[in-house]
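One structure is given here, and the rest of the page talks about it.
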Amino acid sequence: QVQLVESGGGLVQAGGSLRLSCASSGSIFTINHMGWYRQTPGNQRELVAFITGEGSTKYADSVKGRFTISRDNAKNTMYLQMNSLKPEDTAVYYCYADIVAYTYWGQGTQVTVSS
């Protein structure tokens, strides 16, 4: 079983930056598909970005040009660099990993952007 632990969330002013990390308890080398969702109270989780084993990436339109997803297989860690943050980016951010037929989730990390 794989455990994912997010870190790096916090409070930042609009226009600022944060880098989220998602550390895996196991190797991510063979994980083909992993990424980040976010959720605000009363709303469904929204896909923010994902990255494949080959390094292909995809972003939600709302974060394109501001967020960058990456992975370091040697450190078993995935990252989400968030720049030019906006108040509407405020949410709990969850990392996930698709392994075979199962999706593993982290516990979430709160990101709050003040105006």
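Let me make sure I get this right: for the stretch 21-60, a, b and c are the square roots of the gyration tensor eigenvalues over alpha carbons, sorted descending. Under 1.5 in a/c it's rounded, otherwise prolate if a/b > b/c, else oblate. Which is it? Judged from the Cα gyration tensor, the stretch 21-60 comes out oblate (a/c at least 1.5, b/c at or above a/b). Here the relative contact order of the chain, from alpha carbon pairs under 8 Å that lie six or more residues apart, stands at 37 percent. First select every other residue whose beta carbon is under 14 angstrom from the beta carbon of Asn83; then total the charges, Lys and Arg +1, Asp and Glu -1. That sum, taken over residues with Cβ under 14 Å, equals +3. Only Lys, Arg, Asp and Glu carry charge here, each on its Cβ (+1 for the first two, -1 for the last two); on that basis the chain has a dipole of about 140 debye about its Cα centre. Straight-line cross-link partners of Lys86 among the lysines, defined as a Cα under 25 Å from its Cα and at least 8 positions apart when in the same chain: Lys58, Lys64. Which lysines, if any, have their Cα less than 20 Å from the Cα of Lys75, not counting same-chain residues under 8 positions apart? By straight Cα distance, Lys75 reaches no lysines at all. Ordered by 1.4 Å accessible area with all protein chains kept, Glu6, Glu88, Glu54, Glu46 run largest first as Glu54, Glu88, Glu46, Glu6.
Near Met34, once Lys and Arg are set to +1 and Asp and Glu to -1 for all other residues with Cβ below 10 Å from its Cβ, the sum equals 0.
The values are calculated or read from the model by the stated rules, or taken from the named source; none is laboratory data. Note that the structure is predicted; figures quoted are calculated from it, not measured. Ideal geometry is used to build each Cβ from the backbone, glycine not excepted, and the neighbour counts take in all protein chains shown. Side chains are part of the model used for accessible areas, which takes the heavy atoms of the whole protein and leaves out ligands, DNA and RNA. Shrake-Rupley method; radii C 1.70, N 1.55, O 1.52, S 1.80 Å.
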